[in-house]
Amino acid sequence: ILTFPLALTTHKLSFKGKSILSALLLVPMIMPPFVGAIGVQRLFSRFGSINLFLMNNHIISAPIDWLSEGNKFWAVIILEVLHLYPIMFLNLTAALANIDPSLEEIASTLTPKRFRIAKDISWPLIRPGFFAGATIVFIWALTDLGTPLLVGFHECIPVRIFHMVTDIHENPLGYALVFLVMFIACTFFLMSKLSLKAGRYQMLARGHVTSPVRPASSKELFYVYPLFIGVISLAILPHLSVLVTSFADRWFLTPLPSSYTFAHYAMVFKQELSTIGLKNSFMLSSMSTLLDLVLGFGVAYIITRKLIPLASWLDTLVMLPLAVPGIVLAFGYVITYTGTFLDPMHNPIPLLIIAYAIRRLPYMVRSASAGLQQMSIHLEEAASSFGASRFEILRKITFPLILANLIGGALLCFSYAMLDVSDSLILAMVDQYYPLTKAIYALYLEQGSGEYVASSLGVIGM
């Protein structure tokens, strides 16, 4: 509902600021909803900024309980939508670009309304793109732990699993819930595949070669700018609230702080828990990224150079962590290694590095594979003919030529590991090993200045 009009507008119309607005639409992908949930509490609590603004302007006479037990469900849904819509937007935009424009041109000769063309031609033809995005969004939202946890909505599977980690050997319900998550994720994936089998979506021409883009009319601009700016503003509003909270000195019964301070940022570096979180996350993310760099480059080289039989199967195997929810992986590690030398209750560092690395390995493999595919193998063959060993070829030719790809993949792996939620919250059970997100969660629960320090730590994380 949210992204189809955005994707259709981007595909069909040209207007001033289109490239900037389209880029800003993707910003929520790098703004974690876990941190944004703190901002939602500040904005929509009983005496939060929204209620106080409405009361001060005499729009309402009594505060609205936006985050009552019944409304927390919708608060989580809205936060998930505002974080995950870029995934759907990218998939729908790519699918629209592949539509043969002659199909819509022929339909326009019959003078139907544009809505009819979008409903009867564009929408059916982009169903593969829709289901690709829908599968990712559904599984991500189904297994997201941080957002419902900070909003305070505990009636969902990930939060139940989180609370059952400490007594997994006494209560088997946690095992059942993890299995249920896997079953639902796999069933939804298969349903999306089967639903596409009945239709045919092939076209003779590629849309992005000749697809016409026309200037938006003044009537269309009347909805284009409010739509784009409205969605972007809503998406970054919770994170802006976190930013303001981190600088707030006095913020009591006023829509905005009455005074500002840097003291909370100073407290971040004075408090042991927050500095532990920063140091641990930086170390864990660096180690896991280094592991991804070595493994990802090695796997990508084997796949692209076909050094082993069935290299394509290895490619598929490496992509599997994308389909396994983080909460399932973390819970499985707790079950498997409790009571061993890798027991996360004593020292979760090795398991956290492995978990971070395994879940981000597909990003590195894809980045390295793209670089290797663009690099001519004749350069390696020429070096080999002069007697260079394979190690020398890799070090002096291959590695330098795909360095940009490796840096891109490493940045992605590092940034996602820094703000990982599921693995961090479940595996880190001792204060001295808390990563950044677990430290933010622990600080947020503290009375007094906890919310302000947690917000400052969240801003540093972003």
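By the Cα gyration tensor, the stretch 359-407 has an equivalent ellipsoid whose semi-axes, rounded to whole angstrom, run 23, 10, 8 from largest to smallest. Computed per residue of the chain from DSSP H runs no shorter than four, each worth -39500 (n - 2.57), the mean residue ellipticity at 222 nm is -21500 deg cm²/dmol. Annotation: extensible slack from Thr261 through Ala176 equals 25.8 nm (criterion: 0.36 nm per residue apart, minus Cα-Cα distance). Across the stretch 287-303, coupling constants 3J(HN,Hα) worked out from phi with the 6.51/-1.76/1.60 Karplus curve, θ = phi - 60°, read 5, 5, 5, 4, 4, 5, 4, 5, 5, x, 5, x, 5, 4, 5, 5, 5 Hz, and Gly and Pro carry x. Our summary gives the chain a relative contact order of 20 percent, counting only alpha carbon pairs under 8 angstrom and 6 or more residues apart.
Need the C-alpha centroid separation for the stretch 1-54 versus the stretch 286-352, integer Å. Between the Cα centre of the stretch 1-54 and that of the stretch 286-352, the gap is 33 Å. Every Cα-Cα pair of the stretch 1-145 was included, and the share exceeding 21 Å stands at 58 percent.
Estimated at 0.36 nm per residue, the fully extended path between Val430 and Glu69 surpasses their Cα-Cα distance by 126.9 nm. Our summary gives the stretch 50-179 a relative contact order of 24 percent, counting only alpha carbon pairs under 8 angstrom and 6 or more residues apart.
Using 1/(1 + (r/R0)^6) with R0 = 45 angstrom and r between the beta carbons of Leu290 and Ala23, what's the FRET efficiency to the nearest 0.05? Calculated value: 0.90. Modelled spin labels at Lys219 and Thr254, positioned 7 Å past Cα toward Cβ, are 4.8 nm from each other. For Ala248, the amide hydrogen comes within under 5 Å of the amide hydrogens of Thr261, counting only partners 5 or more places away or on other chains and with H modelled in the peptide plane.
At full extension, Thr275 and Ile229 could sit 12.9 nm farther apart than now, given 0.36 nm per residue minus the alpha carbon distance.
Laboratory data are not the source of any read-out in this text; all were calculated from the coordinates shown. It should be emphasised that the depicted structure is a prediction, and the values quoted were computed from it without experimental measurement. Positions of Cβ are backbone-derived with ideal geometry, glycine not excepted, and every protein chain shown enters the neighbour counts.
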